[in-house]
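Inspection log for the structure reproduced underneath, given as structure tokens.
Any read-out appearing in this document is the output of simple, stated calculations on the displayed coordinates, not a laboratory observation. No experiment lies behind these values; they were computed from the predicted model shown. Backbone-built Cβ (ideal geometry, glycine too); neighbour counts: all protein chains shown.
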Amino acid sequence: MRLAVNIDHIATLRQARMTNEPDPVYAAAIAELAGADGITIHLRQDRRHIQERDLELLRAFIKTKLNLEMAMSMEMVKIALKHKPDVCTLVPETADEVTTTGGLDVLMYTDRVEEVAGNLHAAGIEVSVFIDPNIDQIKACYKLGIKTIEINTGEYAKNWNTSYAKLDLDKIRKSVEYARKVNLKVLAGHGITYQNITPIAAIEGIEELNIGHSIIANSTFMGLEKAVIRMKDLIRRTSRQ
Ligand code: PXP
């Protein structure tokens, strides 16, 4: 199971002072050297952390895989087509949220997903859709010719140390099982920490985890290299893939 590190919050710290440090490019280098299999950024419409220039520099710099999380706006499609990340992950985005709060409702936005994914696919960009662990959402992605999904682990992460966690894990396991049966590539992420990762890393069929906040938060104490290595070790110890 691969680990993609989301470095948005390096840029959050930089934007707190509107200065030039810490630099997401440095963070990407350290994360890759520590074993990250990919780098993820979310270019939000309000530009609260990552800026378009970061995308440009990271595109030129990184040696693994660049995953751009984006809203389904025409502005974002244009930016994606200009910079050509390896993967674009379609996410819902609202101005007042602190972070992505749920999966994209593909059933509600079928036409939009089809149009945006079509434009990105035509440019040779892999499209991943961030969805809640729900079979109907997976079926909707499949029907649209989407080949990659990222399952939202946010609900599980919120409940991981309560009696609801089993239910959330069951939903995720069933979703992964169904998605693999119809041959989709399955990624997962949101809210994963050193404390709650193990049951997720144990799920067969998940190829990659996208982890940001916990790694960046802990890097302030232990350094980014160690923070990435520790997460990689937890995955390696659990995952058989
Ligand atoms: N996956 C998606 C689609 C996200 O939007 C985010 C947050 O940017 C993550 C994964 C990573 O979540 P976290 O920062 O909680 O690890």
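Pick from region 186-206 the residues that are surrounded by fewer than 18 Cβ atoms within 10 Å (Cβ to Cβ) and not in a helix (DSSP H, G or I): which of them is farthest from the ligand (Cβ to nearest atom)? Before you say what the answer is, go through the steps one by one.
Just the residues of region 186-206 that are surrounded by fewer than 18 Cβ atoms within 10 Å (Cβ to Cβ), to begin with: 193-195, 198-199, 202, 204.
Now narrow it down to the ones that are not in a helix (DSSP H, G or I): 193-195, 202, 204.
Values: THR193: 8, TYR194: 11, GLN195: 13, ALA202: 18, GLU204: 20 Å.
Restricting to residues being surrounded by fewer than 18 Cβ atoms within 10 Å (Cβ to Cβ) and not in a helix (DSSP H, G or I), the top hit is GLU204.
Scan region 193-212 for residues that are β-branched (Val, Ile, Thr) and over 11 Å from the mean Cα position of the chain (by Cα) and jot them down. Break it down into steps so the answer makes sense when it comes.
Within region 193-212, the subset β-branched (Val, Ile, Thr) is 193, 197-198, 200, 203, 206, 211.
Once the filter is applied, which keeps residues that are β-branched (Val, Ile, Thr) and over 11 Å from the mean Cα position of the chain (by Cα), region 193-212 yields THR193, ILE197, THR198, ILE200, ILE203, ILE206.
Just checking, does region 157-176 include any residue being in contact with a Ser or Thr (Cβ under 6 Å, 6 or more places away or on another chain) and surrounded by 19 or more Cβ atoms within 10 Å (Cβ to Cβ)?
Going residue by residue through region 157-176, those that are in contact with a Ser or Thr (Cβ under 6 Å, 6 or more places away or on another chain) are none.
There is no residue in region 157-176 that is in contact with a Ser or Thr (Cβ under 6 Å, 6 or more places away or on another chain) and surrounded by 19 or more Cβ atoms within 10 Å (Cβ to Cβ).
Could you check THR162 against (1) part of a loop (DSSP other than H, G, I, E, B); (2) over 15 Å from ARG2 (Cβ atoms); (3) under 17 Å from the mean Cα position of the chain (by Cα) and say which number it fails?
(3)
Restricting to region 54-82, count the residues that are closer than 20 Å to VAL113 by Cα and more than 14 Å from the ligand (Cβ to nearest atom).
Taking region 54-82 first, the residues closer than 20 Å to VAL113 by Cα are 67-82.
Those still in the list that are more than 14 Å from the ligand (Cβ to nearest atom) too: 73-75, 77-82.
Within region 54-82, residues that are closer than 20 Å to VAL113 by Cα and more than 14 Å from the ligand (Cβ to nearest atom) number 9.
Determine, yes or no, whether THR110 is under 25 Å from ILE192 (Cα atoms), in contact (Cβ under 8 Å) with a residue 24 or more places away in the chain and either hydroxyl-bearing (Ser, Thr, Tyr) or loosely packed, with under 15 Cβ neighbours inside 10 Å (or both). Steps first, please.
Values: under 25 Å from ILE192 (Cα atoms): no; in contact (Cβ under 8 Å) with a residue 24 or more places away in the chain: yes; either hydroxyl-bearing (Ser, Thr, Tyr) or loosely packed, with under 15 Cβ neighbours inside 10 Å (or both): yes.
Against the criterion (under 25 Å from ILE192 (Cα atoms), in contact (Cβ under 8 Å) with a residue 24 or more places away in the chain and either hydroxyl-bearing (Ser, Thr, Tyr) or loosely packed, with under 15 Cβ neighbours inside 10 Å (or both)), THR110 does not qualify.
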